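Visitor: Below you'll find the structure I mean.
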Amino acid sequence: MSLSRFYLPSPAWQPDTLTLTGDEAAHCARVLRRQVGDAVEVFDGAGRVARAEITAVSKSSVSLRTLSEEYTSPLAPRIHLLPAMIKAEPFEWLLGKAVELGAASILPIVTERTIVHLGGDHLEKKMTRWQRHMIESAKQCHTPFITRLEKPQPLPQAIADLPSSSLKIIPALSEHSRTLHQVSGGLPSPTDAYLLIGPEGDFTPSEETLAQELGFIPVTLGPLILRAETAAISTLAILRHELQRLVGNQT
C-alpha cells in the first residue's frame, strides 16, 4: 500500500526534519487523521521525495523526521505546453493531465479567438487555484514533479523568443501537415520541445502564419476534429512517446 503523499516546496526543506503547514498540514492531520509514528511521503515538485515519520501534530503544523530521500532526474527532452485559454473546467482538466504526462512548463496564451480573459486579482486567484490543482494531480499520480505554471501571455509575445534549436509543434488541419512520427523521425533529439495549442475555433490564419514563420511545424492529429483540451493532451502524449523513442534510438 502506497504512503500518503504531501507537498513541501524546496525552500522549506531542512536536514533531517520537515514541517508541513497550511493546507498540507490540515489534510494530513484533520482529513487523513495521520498520527505520531505514521509514515508518509513528502515531495518538493522538483524530483526530490522523502520517506518520513510523523513526530508531532499541532493545530497548525505536522512535524516529520526524514527516514530516507531519493531524487529523480527530470524527463528529457523537456516539453513545454502553450495552450490557448479556454473555459475553466476543461482548462483545469488540461492542467492536471499535463502534470501526469510530465510537461515541464505550461504557458497559457491569449489569442484572437480567446473568450476567457483574466487580469488583476481574478488572475491571481485563478493562478493559486490552478497551482493547487496541479499539486493535487502530482500527489494522486505519484509523480515527483510539478509542472511550472506561467502567467498568461498574448500569443505573439509567448512565441517570439523561443530557442532556435528547440522543436516547435502546432497541430493544424493544413494539407501540408505531417504526423508527429514523421516530424520527429528525421531529427536529432532536442533539449526542449514547444507544443502550441489553439482555442475552440482554432487559431486565425494570421496566427498560424506567424507561428510557422517562427519555426512551428504543422502536424496532423488525423481526420477527427478535437476539442482544444483533447487536442492538447493527445498531442502531448504522442509527442512524449515519440521523443522518448527518439532518445532511446540515439543512446
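The values are calculated or read from the model by the stated rules, or taken from the named source; none is laboratory data. All of these numbers come straight from a predicted model, not from anything done at the bench. Note: ideal-geometry Cβ built from the backbone for every residue, glycine included; neighbour counts use all protein chains shown.
Visitor: Working only within region 190-206, note down all residues that are outside any loop (DSSP other than H, G, I, E, B) and within 21 Å of the chain's Cα centre (by Cα).
Guide: If the condition is that a residue be outside any loop (DSSP other than H, G, I, E, B) and within 21 Å of the chain's Cα centre (by Cα), then ASP192, ALA193, TYR194, LEU195, LEU196, ILE197 are the ones that fit.
Visitor: Considering only residues of region 182-222 that are β-branched (Val, Ile, Thr), under 23 Å from LEU94 (Cα atoms) and in contact (Cβ under 8 Å) with a residue 60 or more places away in the chain, which is surrounded by the fewest Cβ atoms within 10 Å (Cβ to Cβ)?
Guide: The qualifying residue surrounded by the fewest Cβ atoms within 10 Å (Cβ to Cβ) is THR204.
Visitor: Checking the condition over 16 Å from the mean Cα position of the chain (by Cα), within 22 Å of LEU3 (Cβ to Cβ) and surrounded by 18 or more Cβ atoms within 10 Å (Cβ to Cβ), which residue from ILE146, ILE135, ILE54, ILE159 passes?
Guide: Selected residue: ILE54, the only one of ILE146, ILE135, ILE54, ILE159 that is over 16 Å from the mean Cα position of the chain (by Cα), within 22 Å of LEU3 (Cβ to Cβ) and surrounded by 18 or more Cβ atoms within 10 Å (Cβ to Cβ).
Quick grid of which residues meet (1) surrounded by fewer than 19 Cβ atoms within 10 Å (Cβ to Cβ); (2) within 13 Å of the chain's Cα centre (by Cα); (3) within 14 Å of GLU229 (Cα to Cα):
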| residue | (1), (2), (3) |
| --- | --- |
| PRO83 | no, yes, yes |
| LYS87 | yes, no, yes |
| ILE109 | no, no, yes |
| ILE115 | yes, no, no |
| HIS142 | yes, no, no |
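Visitor: What single numbered condition from (1) surrounded by fewer than 18 Cβ atoms within 10 Å (Cβ to Cβ); (2) modelled with pLDDT of 95 or more; (3) among the charged types (D, E, K, R) fails to hold for LYS168?
Guide: Result: LYS168 passes all but (1).
Visitor: Checking the conditions here, which among ARG34, ARG51 is outside the structural domain of ALA138 (by the TED database), touching a residue at least 40 places away in the same chain (Cβ under 8 Å) and among the basic types (Lys, Arg)?
Guide: Checking each option against the conditions leaves just ARG51.
Visitor: Take the residues in region 62-88 that are out of contact with any Gly (no Cβ under 9 Å at 6 or more places or on another chain) and among the polar types (S, T, N, Q); name whichever of them is nearest to ARG34 (Cα to Cα).
Guide: Per the criteria, the residue is SER63.
Okay, residues lined up against (1) crowded, with 16+ Cβ neighbours inside 10 Å; (2) aliphatic (A, V, I, L, M); (3) more than 23 Å from the chain's Cα centre (by Cα); (4) farther than 30 Å from GLU229 by Cα:
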site	(1), (2), (3), (4)
TRP13	yes, no, no, yes
ARG30	no, no, yes, yes
LYS59	no, no, yes, yes
PHE91	yes, no, no, no
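Visitor: Going residue by residue through region 194-206, is there one that turns out to be within 30 Å of ASP44 (Cβ to Cβ), hydroxyl-bearing (Ser, Thr, Tyr) and modelled with pLDDT of 95 or more?
Guide: Yes, region 194-206 contains a residue that is within 30 Å of ASP44 (Cβ to Cβ), hydroxyl-bearing (Ser, Thr, Tyr) and modelled with pLDDT of 95 or more.
Visitor: I've got another one for you. Show me the strands (runs of 3 or more DSSP E) found entirely inside region 1-76 where at least 2 residues are closer than 30 Å to GLU242 by Cβ.
Guide: 48-57, 61-71
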